[in-house]
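Encoded as structure tokens, the structure appears first; notes follow it.
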Amino acid sequence: MAKSAPDAKADHVKEYLGTPTDLKADAVHEVAVGLADTLADVFALYIKTKNFHWHMSGRHFRDYHLLLDEQSDQIFAMTDPMAERARKIGGTTLHSVGEISRRTQIQDNDALYVTPEDMLAELRDDNLALTKRLRQVHDLCGEANDVATASLIENWIDETERRTWFLFESTRPAFGKND
């Protein structure tokens, strides 16, 4: 009996891109898919953060411009280790900009003008969403006994929470007041 197209494709990928691992095949697939989905969010968040960095204006321009530059560098630094982690365990990762756009949960913002406060609030919420996605993949890693990926994700969660915190503090309407 001939193999179905998806099975033949999976065999081809395993033959040419498979990396030896002691993780179960289903676990590798689940973790690699989770990493690719998260990587799509990371790329989308990177572009959005750079967009807002480039289009920042107003009386806090310098502080916000530098904050977003620092944050975009940190976000971009996640991309290669995240993609390579999927490959290290025998999975695959993103292939194109189109795939990023299909997989991301981060919404674009193509507005010609966004207030600085709205930029920071939107990025704060996007970083919160990224933290949620990272926690979901971390749970998959626990089920798969993939401690190395879980360890990387723990650091990325910490970095993402720090970005969220800085953005939150920058969007407060007054000292000591929380929304």
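Given +1 on the Cβ of Lys and Arg, -1 on the Cβ of Asp and Glu, and no further charges, what dipole in debye does the chain carry about its Cα centre, rounded to the nearest 20?
Details: 21 positive and 31 negative charges, 32 e Å.
Dipole about the Cα centre, nearest 20: 160 debye.
With every protein chain kept in the model, how would you rank Arg102, Arg59 by accessible area, 1.4 Å probe, largest at the top? Provide the component values of the computation, followed by the final result.
Numbers: Arg102 175, Arg59 215 Å².
So, going from the largest accessible area down, we get Arg59, Arg102.
Set the bar at 26 Å for Cα to Cα. Now go through Lys50/Lys132; Lys88/Lys132; Lys24/Lys48 and name every pair that lies beyond it. Kindly include the intermediate steps, with their values, before the conclusion.
Numbers: Lys50/Lys132 22 Å; Lys88/Lys132 24 Å; Lys24/Lys48 36 Å.
Cα-Cα > 26 Å for Lys24/Lys48; rest within.
Counting only heavy atoms of the protein chains, get the accessible area per residue of the chain (1.4 Å probe) and round it to a whole Å² value.
On the way: 10830 Å² over 179 residues.
Computed with neighbouring chains in place, this is 61 Å² per residue.
Within 9 Å, Cβ to Cβ, of Thr93, how many net charges do the neighbouring residues add up to if Lys/Arg are +1 and Asp/Glu are -1? Display every interim value, and only then the final one.
Details: positive: Arg85, Arg87; negative: Glu84.
Residues close to Thr93 contribute a combined charge of +1.
Among Thr93, Thr49, what's the order by accessible area (1.4 angstrom probe), most exposed first?
Working: Thr93 25, Thr49 0 Å².
Output order, biggest surface exposure first: Thr93, Thr49.
Using Cα atoms only, what is the angle between the long axis of helix 116-144 and the major principal axis of the chain, expressed in degrees (0 to 90) to the nearest 10?
30
The values are calculated or read from the model by the stated rules, or taken from the named source; none is laboratory data. Since we're looking at a predicted model, the values are computed, not measured. Virtual Cβ from ideal backbone geometry, glycine too; neighbours counted across all protein chains shown. These area figures cover heavy atoms from the full protein model, side chains too; ligands, DNA and RNA do not enter into them. Shrake-Rupley method; radii C 1.70, N 1.55, O 1.52, S 1.80 Å.
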